[in-house]
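Data first, discussion second: the structure below is written as structure tokens.
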Amino acid sequence: MQYRIRNGDQLIGTVNNKQYQVTGLTPNTAYNLSVAFFNGFRESPRANLTVKTRGIQVKVPVSLTAGTTVSLVYLEYALGLVPIGTEPKGMFGGGNRQILPAKVVSSANGMSTIEITNSFNLMSDGLTMKQLPDKSFGVFEGYKALYYKGEE
């Protein structure tokens, strides 16, 4: 007795129990999952489920209005993250700059949670920004940085 799990028509797993953890998912992406019982000869009709992953979330130590939209800035090799001269050619001062759309999902006790609303996946989920000397906010992961400038 087995269960076959698919994403669309692609078989992604076969299990002998009623548990399966889907891995390698992309943030803010819809998946069409299905499961079917397989007895060794035939497969049952598939039970289908469409799910959507949430976007990467970051915390910012400032009270923002839940439901509002904001922009975050992503940079690789921003000034100050790596010693000058060690960044890849063409990355001095930051490269791969992206403006990321985001939404404030909650705010309490001076801390807001912001969720990136596209499929951005270049930083970890659940990071907390810190206020920087210029009054903006930032979080750093290796050579990568994510910034929130605040109200403009």
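Miscellaneous remarks
- Rg [Å, one decimal], Dmax [Å, integer] - the chain, C-alpha atoms: 20.7, 66
- Counting only Cβ charges, +1 for Lys and Arg and -1 for Asp and Glu, the dipole size of the chain around its Cα centre is about 460 debye.
- Comparing G138, G67, G55 in a Gaussian network model of the chain (Cα springs below 10 Å), the most mobile by mean-square fluctuation is G67.
- Once backbone amide H atoms are built at 1.01 Å from N, T29 has T53 as its partners under 5 Å, excluding neighbours fewer than 5 places away on the same chain.
- Using the Cβ of Q131 as centre and a radius below 13 Å, the other residues enclosed give a net charge of +3, where K and R count +1 and D and E count -1.
- Of the residues T117, L11, V73, the one whose Cα sits farthest towards the positive end of the charge dipole of the chain is L11 (charges of +1 on Lys and Arg Cβ, -1 on Asp and Glu Cβ, taken about the Cα centre).
- The Cβ shell under 10 Å around G13 holds other residues with a net charge of +2, Lys and Arg each +1, Asp and Glu each -1.
- For the residue pairs K18/K52; K52/K144; K18/K59; K52/K135, the C-alpha atoms sit more than 28 angstrom apart in K18/K59; K52/K135.
- Alpha carbon centroid spacing (whole Å) that separates segment 6-44 from segment 92-152: 34
- R0 of 22 Å, Cβ-Cβ distance T26-Q98: FRET efficiency to nearest 0.05: 0.90
- A simple charge model with +1 on the Cβ of Lys and Arg, -1 on the Cβ of Asp and Glu and nothing else charged puts the dipole of segment 2-52 at about 80 debye relative to its Cα centre.
- Highest-fluctuation residue, L25, L64, L11 considered, GNM on the chain with Cα pairs under 10 Å: L11
A short reminder: the numbers here are calculations on the coordinates, not readings from a lab. Keep in mind that this is a model prediction, so the values were computed, not measured. Every residue, glycine as well, gets a Cβ built from its backbone with ideal geometry; the counts of neighbours run over all protein chains shown.
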